[in-house]
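First the structure, in the form of structure tokens, and then the observations on it.
Only the coordinates and a few stated rules stand behind these numbers; no lab work does. This is a predicted model, so every value here is computed, not measured. Note that we place each Cβ from the backbone using ideal geometry, even for glycine, and neighbour counts take in every protein chain shown.
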Amino acid sequence: MPVLGAVGRELRSSGVLQGRRVGLALHVEAKTACLALTLKEAGAEVVVAGCNPLSTQDEVAAALAQAGVTVFAVRGATEEEYFHYLRLVCRTGPDFVVDDGGDLTALLHTEERGFLSRVAGGTEETTTGVRRIRAMEREGVLAFPVVAVNDARTKHLFDNRYGTGQSTWDGIMRATNLLVAGKTVVVVGYGWCGRGVAQRARGLGARVIVCEVDPVAAIEALHDGFEVLPSLEAASRGDVFVTATGCARVLTREHFLRMKDGALLANAGHFDVEIDKQDLAALDRQARGGSGAGTGQPDGEAGREVRPWVREYLLPGGKRLYLLAEGRLVNLVAGDGHPVEIMDMSFALQALSLGYLAGLTPGTLPPGVHPVPGELDEKVARLRLMTGGVQIDELTEEQRGYLSGWR
């Protein structure tokens, strides 16, 4: 991760994070570990929790703990344990928080308000998290400035599109060992993540249908060469369904009943609410007469695991649907998340944003959602090009004058 390494050297030299406590709520895997160690080497005290109960890699968490980072994370945590670990991060009294999805920020403003006054600022990694924090800002409850890292060009144009696009299919193929070529893939949601998933599906030889609620995004999908249909109509045609909306219950009972036997269901959004697991479980119990008979599961437990991270649900009439990664992020539960080159840029931007916040005079930036300063966004891009040995042109003074004038 050479871009993050260059930023880390700059942070160490400036000393801006020396003695500051940083609370991270991120997917605890190798790239996150590089960020945590970079911040520690820059002088910060680092505390880490997972931002998803199933994305922690226990060997990485153990290695971080051995390196002197405080870690509250374990793979397969229950929902109660997951939030308990986030509370423990709050109770260390962080000066800054780095969040992925907004759960840590939300806890600081609700159950753990006693530690809120210490927090000088935060950053948010994801589309879902920025949406939630903007909602807090609209309601007038957001108590510290948050830099919307997700909205920077060097984040969402690459992380969301190329990172999610590749890692989602990596997770699906690892979990199922099935061929993508020749299948019909339904991508629900055509934001930056959905764009990446759809583009990579086409590259793997799939026919792609896009479902959208935003008319502008739907036109983009059409102009990108994809078929656009309402989700209920697409339900009967898909072999693989990938949700990438950040919304709740986008695939429900009505969709499931129309799907083909053997259809795969995967989520590349954020939380495990996009595919309605309760509806799937209810249909399975109905098909099995209300028990776990024939599944090897206790009475009342729905579905059966047929491969690691692949759960089969029986529908009335005998059709079977396969839910991947328990409806959580398939790229992190069944894979290793985004490629390292992508997270090099994203986490370099996180580290630079933390340095920016730490270098401000207290009170300079009011509570609210703030953009990444443009010069930091451009800096990450230039570092990425430089570390890849790529050079680009520069504007002449005459050209700068032309672009900035009107006469």
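Here the dipole of the range 162-327 is about 460 debye; that uses its Cα centre as origin and unit charges on the Cβ of Lys and Arg (positive) and Asp and Glu (negative). Cβ crowding within 10 Å ranks E227, E111 as E111, E227, fewest other Cβ atoms first.
Each Lys or Arg adds one and each Asp or Glu takes one away; over the other residues whose Cβ falls under 10 Å from the Cβ of V188, this sums to -2. Computed about the Cα centre, the dipole magnitude for the chain is approximately 360 debye when only Lys and Arg (+1) and Asp and Glu (-1) carry charge, each at its Cβ. Each other residue within a Cβ distance under 13 Å of T164 adds +1 if Lys or Arg and -1 if Asp or Glu, for a net charge of +1. Taking the DSSP beta bridges in the range 162-327 as the whole, what percent of them are antiparallel, to the nearest 5? Counting DSSP beta bridges with both partners in the range 162-327, the antiparallel share is about 30 percent.
Note on the range 162-327: percent of Cα-Cα distances in each 5 Å bin, starting at 0 and stopping at the bin with the largest distance, equals 2, 10, 19, 23, 21, 13, 7, 4, 1, 0. Panel order for H156, H223, H270, by other beta carbons found within 10 Å of each beta carbon, from fewest to most: H223, H156, H270. In plain terms, the chain from A181 to D151 could stretch by 7.5 nm, reckoned as 0.36 nm per residue minus the Cα-Cα distance.
For the chain, the 222 nm mean residue ellipticity estimated from helices alone, with every DSSP H stretch of n ≥ 4 adding -39500 (n - 2.57) and the total spread over all residues, rounds to -12000 deg cm²/dmol.
Can you sort W406, W309 from fewest to most other Cβ atoms within 10 Å of each residue's own Cβ?
Least crowded to most crowded, the residues run W406, W309.
Taking label points 7 Å from Cα along the Cα-to-Cβ direction, H84 and E41 give a separation of 3.4 nm. The lysines within cross-link reach of K40, meaning a Cα-to-Cα straight distance under 29 Å and a gap of 8 or more places when in the same chain, are K31, K155, K379.
Given a Förster distance of 51 angstrom, what is the FRET efficiency for L222 paired with S13, based on the Cβ-Cβ distance and rounded to 0.05?
Numbers: r = 50 Å, r/R0 = 0.98.
With R0 = 51 Å, the Cβ-Cβ based efficiency is 0.55.
Distance between the modelled labels on L385 and Q278, one decimal in nanometres: 5.1 nm (7 Å Cα→Cβ projection).
Net length available on complete extension from E233 to E341 is 35.1 nm, with 0.36 nm assigned per residue and the Cα-Cα distance removed. Within the same chain, lysines fewer than 8 places from K260 are excluded, and of the rest, those with a Cα less than 21 Å from its Cα are K183, K277, K319.
Debye-formula intensities of the chain, expressed as log10 I(q)/I(0) at q = 0.09, 0.12, 0.14 Å⁻¹, are -0.58, -0.98, -1.25 (one equal scatterer per alpha-carbon, no solvent).
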